[in-house]
1. Using the scaling law 2.2 N^0.38 Å as the reference, what is the normalised Cα Rg of the stretch 105-188?
2. For LEU286, LEU341, what's the fewest-to-most ordering of other Cβ within 10 Å of each Cβ?
3. Please arrange LYS147, LYS176 by counting, for each residue, the other beta carbons lying within 10 Å of its beta carbon, fewest first.
4. As an exercise, take the mean of 1/r over every pair of distinct alpha carbons in the stretch 6-134, invert it, and state the Kirkwood radius in angstroms.
5. Please enumerate, by chain and number, the lysines with C-alpha under 26 Å from the C-alpha of LYS69, excluding those fewer than 8 residues away in the same chain.
6. Rounded to whole Å, give me the distance from the Cα center of the stretch 276-334 to that of the stretch 29-80.
7. Looking at the chain, send over the antiparallel percent of its DSSP beta bridges, to the nearest 5.
8. Determine the principal axes of the Cα atoms in the stretch 327-391, then give the extent along each, sorted from largest to smallest and rounded to whole angstroms.
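None of the figures in this text is laboratory data; all of them are computed from the coordinates on show. Quick caveat, the model's predicted, so the values are computed rather than measured. All Cβ positions, glycine included, derive from the backbone under ideal geometry; neighbour counts span all protein chains shown.
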Amino acid sequence: MSQAGLPPRRAAHHLLEQIIGEGRLMAELIGGGALDHLAPDDRARAQRLATDALRGLDRADRMLKPYFKKAAPSEYVMNALRLGVIEITGGEAAHGVVNAYVEIVGRNQRTASMKGMTNAILRRISEEGPAGWTKRAVPLMPGWLRKPLVAAWGRPAMDAMDAAHFAGAQLDLTCKGDPARVAEAVGGVVLPTGTVRVADAGQVSQMSGFAQGDWWVQDAAAAVPVMMLAPTTGMTVLDLCAAPGGKTMQLAAAGAKVTAVDISEGRIGRVSENLSRVKLTADVMLSDAFDVTGQYDAVLLDAPCSATGTIRRHPDLPYAKDGSEFADLIEQQERLIDHALTLLKPGGKLVYCTCSLLPDEGEVQIEEALERHAGLTVDLSATERAGIDPDWTTYEGGLRLRPDYWPELGGMDGFYIAVLTKP
Ligand SMILES: C[S@@+](CC[C@H](N)C(=O)[O-])C[C@H]1O[C@@H](n2cnc3c(N)ncnc32)[C@H](O)[C@@H]1O
């Protein structure tokens, strides 16, 4: 068979092996050079294939299930079949797809005996074609994550979130200046909060205004915490978990005097690089948040979290994680809130936020912080300041954003945000 098209498929298969089998994250693998051996087009193709397979994994598995009389084959074979299903039902010529995945299964000694089965199944799938894909229900998230989310938000909301995750996300830009001008230059639309959204964006660094530093990439939901603070010129703001710096840039663009801190040596450099591209300034510090001292007008705490709000953009997350580290994150968030409060002047504002869909990392954190700290209050006017739908306000006074919100505009990442006032 022709070897054309094999390298990106092998690379996509290897990505799935590492994500599903070893719990590695796609960004970490790609950042670590997993696709560097490929030509740029093949690199993009491998990433797209793996991403599509992860986004549609539950549906692909349901489509494959009738072909296994007993147990499903090994994950190695399953991953080849999943990719085959994605490609065939996506309209790729079946012949080349079937040959490529039979070859991948055949090259592994442990699975070589499954070549015939792989060939037979993928040929049957090709008879179903794209229609066999679209007629099936929306893919669901794995049970370990779906269960607590159904408990938190109910089944209809979860169904809407599954649909939003499956739909994926467009490119969102936060603008340094006038969003309408940026939207015109990049062919995007201005969302109600001022974020510019671009469908069919090409390479980001080639887009109009990138080199000039007119905007930076940031999901519409991720831009809301700084809008809720509404920083003023000269306000001293400590951005305690700052990298890669999306919110630092928003704060600096508003004229705040920003100190940006992050514990990650690998990530802190991104804050400085981003600031310099958009021609903004902040004091950038590599430090553990718990070692930071001082007194600020405001602290932004974008705490490390499960990142379950970002599944639209990172469909690998539910397969790379299993929830086992979430308890540690929740405990760390609590300690970070308590430490952040010590860094505020009386009357100062703490913006707490997480890109999580789990109430334990949002609503419950703030409910408990209010119990722990006498006199601490929620600033209820913050939501209004950001021009956000008041219906999204939560019982303790924070703001809940979910991927199924703004469905007609293309959704948003899941986020929780609360602005607290220190007595
Ligand atoms: C959600 S990300 C921040 C995103 C960033 N605020 C933005 O808008 O671009 C969380 C960050 O917290 C950092 N982090 C985790 N633990 C930390 C600690 N103890 N002290 C400071 N930074 C920490 C991580 O390195 C990570 O960059």
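1. Working: Rg = 21.3 Å, N = 84, 2.2 N^0.38 = 11.8 Å.
After normalising by residue count via 2.2 N^0.38 Å, the value is 1.80.
2. Numbers: LEU286 14, LEU341 20.
Arranged by neighbour count, lowest to highest, LEU286, LEU341 become LEU286, LEU341.
3. Details: LYS147 13, LYS176 20.
Result, fewest neighbours first: LYS147, LYS176.
4. On the way: mean 1/r = 0.0685 Å⁻¹.
Evaluated over the stretch 6-134, this radius sits at 14.6 Å.
5. Within the straight-line limit of under 26 Å, LYS69 reaches these lysines: LYS115, LYS135.
6. So the separation of the two Cα centres works out to 29 Å.
7. Given both bridge residues lie in the chain, the antiparallel proportion sits at roughly 55 percent.
8. 34, 31, 17
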